[in-house]
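*Asks:* Can you read through this structure? Questions will come right after.
Read-outs throughout are calculated quantities, based only on the coordinates presented, and are distinct from any laboratory measurement. Note that this is a predicted model, so its numbers are computed, not measured. Here the Cβ positions follow ideal geometry from the backbone for every residue, glycine too, while neighbour counts run over all protein chains shown.
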Amino acid sequence: MNLIKSPTAGKLSSKLMVSFLLCASAVTLRLRAEPAVPVVQIQADKVTAKMPPTFYGLMTEEINYSYEGGLYGELIRNRAFKASTNEAKFWSTVGSAVIALDPATPLNDALNTSLKLDAAQASKSSPAAIANGGYWGIPVRPKSTYKISFFAKAAAGFNGPLTASLESADGKTVFARAEISGLTGDWKKFETTLTTKSVKASKDNILKLTTTEPGTIWFQQVSLFPPTFKDRPNGDRADISQLLADAQPKFLRFPGGNYVEGDNFKERFNWKKMVGPLEQRPGHRSCWGYWSTDGFGLPEFLGWCEDIGMEPVLAVFAGYTLKHDYVPAGEKLEPYVQEALEEIEYVTGDAATTKWGAQRAQDGHPAPLKLHYVEIGNEDWFDRSGSYDGRFAQFYDAIKAKYPQLQIIATAPVKSRTADVIDEHFYKSEEDMESQAFLYDSRDRGEKTKIFVGEWATRVGSPTPNLAGALGDAAWMCCLERNADIVLMHCYAPLFVNVSDLGAGRSMQWKSDLIGYDALTSYGSPSYYAQKIFSLHQGDEVLATAAQNLPVYQWQQPGKRRNGVEQPAVTREVKSLFYSAMRDSRSGKIIVKIVNRADAAQTVKIEISGVQSVAAKGTATVLKADNRDATNSLDQPKKVVPVTEKTSGLGASFTRTFPPCSITILELDSK
Ligand code: AHR
């Protein structure tokens, strides 16, 4: 028992002594039966860390239809007809229309096929059309303007206009339509808008391109965009962006994750094929099993950073793929190192004096972005060949030589160089996450390499985590905050899931994701709200904390498999109360976070030393629910959300009862 550090410890023990002497055995029995009140002490005059400026951030990659069918505004699925080489996947016909992929009539080398519409039988009484139902629907909102564009050409003899229409899938309602004419024998880009009236928002809709004139028409890059966040051209979905902006993340780790590596070299994140005009981007199959048009490419990641106010944390391809192919350090790796240097130039280079800075400006981002961190690869601890150390060193030396100011993140321990930062990943059950919620408190402070927790999540609940997940997350975030002297940044993963068609290989490839959506609406999970309240209540100084009498629960930790043999389960004692404390030095506010993961309310004594006074009145932000399985969904997006209220009974030393399964953030005014 550690009572020495506690100012109340002496008081408690002398009180106990008096009770003991006065009341003898009956009282003693009662005292033995009742657990001691947990005490959390905060030393306001001892700052253990300045909060790193980019502590809370986002991690992202193309998984679970994160961009295509997610954040990226594009509403047409398989707009470039490259999702399959056998058929025009996700496209259908209406009337007498016959469609086929036509690789003999490409738009260009990148979009090297097209959709051929044979409308020989089309007439006014029997129109022929192609239709697309989007990513599990096309959202239609009232009084909204959609931008439609496509490349098209027609065989000689076609005289008609085309009609573009936004319709309900059953064909009963036409929300908006526009005529497009002027098709010739050469590829031309056509653009127009479709504006809806005061209709009810819906998602079971299609885009149709119709002809009532007979002929043959070829299409490529058929695109439909709703209004986007901050009206950015080729921009992002507004509702999802708003959820992100509300949580005020400070950095974006992109583009992965496994997505940066790819299953093989052809499918890696090849950024040079993801810049420039959209029709020059060939697209690629990504490691999560579906086609990416790469309309959401490197410039779009930068636009996302600009829109939300995040700094990029750029992960570069490091010559290793998910199928364990790798390029060893040396001459053969050099092209990839050069590619990484050029990618850094694309992000940070001057638009007037550097080649890739100029390309970025052409792509709509004239100002260079601030960049402090570059990550070499992803999860290279999977590389059992031992090649990472050498590969890392080659990237490290080249990047440091050209950009000495950059901090280099390793994804696995290295010996040949001292990495500035190491990226550590944790995907855990609630109990497991809570059992490691003091992990970094005992980390060696002499290590030069700082920590980036670049992927972590308490994986409870699907498709999105429930309150139990949020409790594990909050316990873990208390650990990260307490240790902000060595933990520079962290981000939850994965960020997004399209919940339209759940299950492996459909719209979800990975369970327990922070934000869920379908074509029309989106919601934040309880874990999202835990992130949000932690991010919004940060302060800039971490205060020293200690605790006594923390309550515990017993956890049957499932046995791990070792050498192919199942090990027996072990019973572990896990703490059920977690804490961290910070101060906002500008306002003097002390911010105390308490997580009570137990199913019962918990009374806690909080003692703050090193301040003249703490006001009795303050603010409490609480995230809780009736039970730990409670969750949010498309139907009930706000079932578990934080509530902020004025509160009283605070002070330099006070006792407060924290509700069952709750995350509480107290803001205290101190002098
Ligand atoms: O977040 C999902 C995956 O988990 C990431 O792509 C990978 O880095 C990790 O293994």
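*Asks:* Suppose every K and R has +1 on its Cβ and every D and E has -1 on its Cβ; what is the size of the dipole of the chain about the Cα centre, in Debye to the nearest 20?
*Replies:* It comes to approximately 1540 debye.
*Asks:* What order do you get for Asp584, Asp363, Asp513 when you list them from fewest to most C-beta neighbours inside 10 Å?
*Replies:* Lowest to highest Cβ neighbour count: Asp584, Asp363, Asp513.
*Asks:* For the pair Leu439 and Ser416, how long in nm is the line joining their label points, each one 7 Å along Cα→Cβ?
*Replies:* Computed distance between label sites Leu439 and Ser416 equals 2.8 nm.
*Asks:* What spacing in nm lies between the two simple spin-label points modelled at Ser92 and Thr521, each 7 Å away from Cα in the Cβ direction?
*Replies:* With each label placed 7 Å out from Cα toward Cβ, I get 2.5 nm.
*Asks:* Using a cut-off of 15 Å between alpha-carbon atoms, which aspartates and glutamates can reach Lys153, once sequence neighbours fewer than 8 places away in the same chain are excluded?
*Replies:* Asp102, Asp118, Asp186, Glu191, Glu213
*Asks:* Classify the stretch 158-289 from the C-alpha gyration tensor, please: rounded if a/c falls under 1.5, else prolate or oblate depending on whether a/b exceeds b/c.
*Replies:* Note, shape of the stretch 158-289 comes out oblate.
*Asks:* May I pose another question? For the residue pair Trp381 and Gln405, what label-to-label distance in nm results when each label sits 7 Å from Cα along the Cα-to-beta-carbon direction?
*Replies:* Each label point is offset 7 Å from its Cα along the Cβ direction, giving 3.3 nm.
*Asks:* Using the Cα centre of the stretch 351-429 as the reference point, and only Cβ charges (+1 on K/R, -1 on D/E), how large is the resulting charge dipole? Debye, rounded to the nearest 20.
*Replies:* Once rounded to the nearest 20, the dipole reads 260 debye.
*Asks:* Also: Taking a threshold of 22 Å on the Cα-Cα distance, which of the pairs Lys46/Lys250; Lys323/Lys560; Lys200/Lys532; Lys250/Lys273; Lys370/Lys400; Lys82/Lys188 fall above it?
*Replies:* Going by Cα-Cα distance, Lys46/Lys250; Lys323/Lys560; Lys200/Lys532; Lys250/Lys273 fall outside the 22 Å limit.
*Asks:* By its C-alpha gyration tensor, with a ≥ b ≥ c as the square roots of the eigenvalues, how is the stretch 269-356 shaped: rounded for a/c under 1.5, else prolate for a/b larger than b/c, else oblate?
*Replies:* Judged from the Cα gyration tensor, the stretch 269-356 comes out oblate (a/c at least 1.5, b/c at or above a/b).
*Asks:* Follow-up question, since we're still on this one. Among Tyr259, Tyr326, what is the fewest-to-most ranking by other Cβ atoms within 10 Å?
*Replies:* Listing Tyr259, Tyr326 from fewest to most nearby Cβ atoms yields Tyr326, Tyr259.
*Asks:* Hey, another quick one. Please give every one of the aspartates and glutamates within straight-line cross-link reach of Lys197, meaning a C-alpha to C-alpha distance under 16 Å, and leave out same-chain neighbours fewer than 8 residues apart.
*Replies:* Counting by Cα, and skipping residues close in sequence, Lys197 has these aspartates and glutamates nearby: Glu167.
*Asks:* Then there's this: What aspartates and glutamates sit close enough to Lys428 to cross-link, taking a C-alpha to C-alpha distance under 17 Å and skipping anything fewer than 8 places away on the same chain?
*Replies:* Partners found: Glu379, Glu455, Asp473, Asp513, Glu573, Asp629.
*Asks:* Tally Lys and Arg at +1 and Asp and Glu at -1 over the other residues with C-beta under 13 Å from the C-beta of Glu541: what net charge comes out?
*Replies:* +1
*Asks:* If you don't mind, another one. Please arrange Ser580, Ser198, Ser587 by how many other C-beta atoms lie within 10 Å of their C-beta, fewest to most.
*Replies:* Ser198, Ser587, Ser580
*Asks:* Another question about this same structure. Computed FRET efficiency, Cβ-Cβ of Arg177 and Asp635, R0 25 Å: what is it to the nearest 0.05?
*Replies:* 0.20
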